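Read the structure below first, then the notes.
The values are calculated or read from the model by the stated rules, or taken from the named source; none is laboratory data. Bear in mind the structure is a predicted one, so any value in this text is a computation, not a measurement. Please note: Cβ atoms are built from the backbone with ideal geometry, for glycine as well, and neighbour counts cover all protein chains shown. Just so you know, the surface numbers come from the protein's heavy atoms only, side chains and all, with ligands and any DNA or RNA stripped out. Shrake-Rupley method; radii C 1.70, N 1.55, O 1.52, S 1.80 Å.
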Amino acid sequence: MSSGLIDQLGCLREVYGAQDGLALLRALLREGPLAGRTALVSSFGAESVVLLDMVATVDRSTPVIFLDTGKLFGETQDYREELTELLGLTDVRVVSPRRRDLVVHDPAGSLWQSNPDLCCHIRKTEPLETALEGFAAWITGRKRFQGGLRGALPTIEGDPATGRIKINPLAPWSADDVERYRQLRNLPPHPLVAEGYRSIGCYTCTRRVAPGEDPRSGRWWGLDKTECGIHGPGI
Ligand code: SF4
């Protein structure tokens with residue numbers, strides 16, 4: 001992957017950096033160097049419906065990449081099907097881990113217990129990298145309020161490791177902003193939200209959180225791990 005786009009990062013920020021949400025997506029999906037070369041990567045998790053709705057509003061044929069790790073809640077799979085139909089998304093790509101990686105590294109399906117970083121690598125990072133081949137940019141749903149490495153997230157981010165641009169339209173949004181948009185657009189919530197799940201990934205590594213608790217504390221609880229690894233250091 002060429003570093004040309006990374007070289008253009010300053011220009012992209014100068015032209016589009018003051019926008020966020022739907023306005024940013026409208027601009028970047030319709031004009032400039034990223035138009036027609038951008039995918040949305042969605043977990044179809046607790047807050048995903050907002051970004052999916054925005055992308056569908058701009059262009060329903062935008063590729064949507066869904067990483068099916070093999071460890072997802074059945075409710076997430078059902079929700080993906082429901083939203084795909086509801087929003088009229090025409091290019092949802094379900095991406096699975098490589099069979100060889102599972103046979104070699106996780107034949108018993110319990111790698112998440114002994115080596116969660118390697119488990120995320122073979123079930124998420126590697127399949128995503130393959131799925132993103134040919135794309136110049138991808139859209140993520142990360143927000144600054146989620147804290148940790150996300151606390152200073154720009155809306156337009158460079159990934160020096162791949163030369164791609166990452167678009168983070170909801171970076172400056174609060175949890176209330178996200179929920180307000182969902183309600184305003186009358187979008188269905190993930191069914192597990194009502195059961196106390198606020199950040200939803202693999203069933204093996206996700207638990208409910210108490211009201212007022214950090215939503216992401218329900219992921220990889222008890223471990224010194226806060227990210228799955230698909231997001232390397234950005235610029
Ligand atoms: S979240 Fe857990 S089960 Fe899912 S890929 Fe990562 S370590 Fe494996």
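Points worth noting:
- Selection status of Q113, within 30 Å of R208 (Cα to Cα), out of contact with any His (no Cβ under 9 Å at 6 or more places or on another chain), at pLDDT below 95 and not basic (K, R): yes
- Any hit, the range 175-185, residues being β-branched (V, I, T) and over 16 Å from the mean Cα position of the chain (by Cα): no
- Every listed requirement among (1) buried (at least 19 other Cβ atoms within 10 Å of the Cβ); (2) out of contact with any Gly (no Cβ under 6 Å at 6 or more places or on another chain); (3) not in a strand (DSSP E or B) is met by E82 save one, (1).
- Taken as a whole, the structure places A35 among residues that are of a type in the set (A, V, I, L, M) and assigned to a loop (DSSP other than H, G, I, E, B).
- The range 82-123 - residue that is farther than 29 Å from D59 by Cβ and among the acidic types (D, E) and, of those, farthest from the ligand (Cβ to nearest atom): D101
- All of S43, S61 fail the test of being small (G, A, S) and surrounded by fewer than 17 Cβ atoms within 10 Å (Cβ to Cβ), apart from S61.
- The helices (runs of 4 or more DSSP H) found wholly in the range 96-206 and carrying at least 2 residues that are open to solvent by less than 60 Å² (accessible area, probe 1.4 Å) occupy 99-105, 116-120, 126-131, 175-184.
- Looking across I235, I230, one residue alone is assigned to a loop (DSSP other than H, G, I, E, B), away from the ligand (no atom under 16 Å from the Cβ), on the phi < 0 side of the Ramachandran plot and among the β-branched types (V, I, T). It is I235.
- Test for W220: is it of a type in the set (F, W, Y), closer than 24 Å to Y16 by Cα and either within 16 Å of the ligand (Cβ to nearest atom) or at pLDDT 95 or above (or both): no
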